[in-house]
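Okay, structure first, notes after.
What follows is calculated from the coordinates using simple rules that are stated; it is not laboratory data. Treat the numbers as computed from the prediction; the structure is a model and nothing was measured. Cβ: placed from backbone, ideal geometry, glycine included. Neighbour counts: every protein chain shown.
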Amino acid sequence: MSHTAPARAVQRPAEQNPSFVRPSSARPVPPVNSSRAPSRSAHRSGSRAPARAAAVAVALVIGSLALTACGPTAPDPAPDSAAHSGGHGAPAEGTPSDASAEAGTTADSGHNDADVTFAATMIPHHRQALEMSEIMLAKEDLPPAVRDLAERIKAAQGPEIEAMDSWLEAWGAAAGDHGDHAMDGMLTEEQLQQLESADGPQAAEQFLAGMIEHHRGAVEMAEQELEAGRNADALALADRVIADQTAEIEEMEGLLAELKQ
């Protein structure tokens, strides 16, 4: 009896073994480290937080400014009395008190000798113009245009006399006499008497001829004041005298020419 050798188990390659699992060629995945940086979503959430906080802060600031603008304005602090008074009770530069002193109505430093001379001589000059006008207004047969002129002269020069009187009083001076009639155009006493005794048309011619010279004298006096005067009020009056009486001279010359025709 023959002996049969036991069959050997056929050794298969490992690749052919169904239970064999080929090791992966990929690198092993390292373990997750919990200390690594947060995910992108976490990073985005974290970066948005400061931006939101900044936006809230800006909104609060804008709201605060809006409430401040709409609310009542706090009163300005009281000005420093020393700065506005110039110290020791003296008025500050540019104040009304300083302006009035400069105008010469209350302080001696606001005028000079030329101002005193102008007011002291212009007062009697104006007074004679009023006298001449009153003589004419008392006449019944006076031409209407001449009567109107006499009324305007009286209305304008009366208040000017009062103003100049107040200046002289403030300056401690007084109005002078009539001065040199030949230089300032004023009428003599004899001429005034002739004007008073003349009838309407004749008186009108005498009045116009005499007042023309009278006005020319006033204009010369006013021009002298502008050249040498200092007081603001006196200088303003001199300007007005020149403008008004120059215009009246032209008017009277026209009226006189008509009466002589």
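Could you calculate the contour length gain from residue 148 to residue 174, that is, 0.36 nm times the residue separation minus the distance between their Cα atoms, to one decimal place in nm?
On the way: separation 26, 0.36 × 26 = 9.36 nm, distance 3.20 nm.
Between residue 148 and residue 174, full extension yields 6.2 nm more.
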**Item:** Peptides 125-132, 185-192 ordered by average Cβ neighbours within 10 Å, highest first
**Value:** 125-132, 185-192
**Complete:** Once amide hydrogens are built 1.01 Å from N within the peptide plane, the residues lying 5 or more places from residue 112 or on another chain with amide H under 5 Å from its amide H are 230, 231
**Item:** Nearest-20 debye value, the stretch 115-259 charge dipole, Cβ charges on Lys, Arg, Asp, Glu
**Value:** 200
**Asked** Any idea what the dipole of the stretch 209-257 comes to, in debye rounded to 20, about its Cα centre with Lys/Arg Cβ at +1 and Asp/Glu Cβ at -1?
**Response** 120
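Rule-of-thumb check for the stretch 115-259: C-alpha Rg over 2.2 N^0.38 Å?
Against the empirical 2.2 N^0.38 Å value, I get 1.03 for the stretch 115-259.
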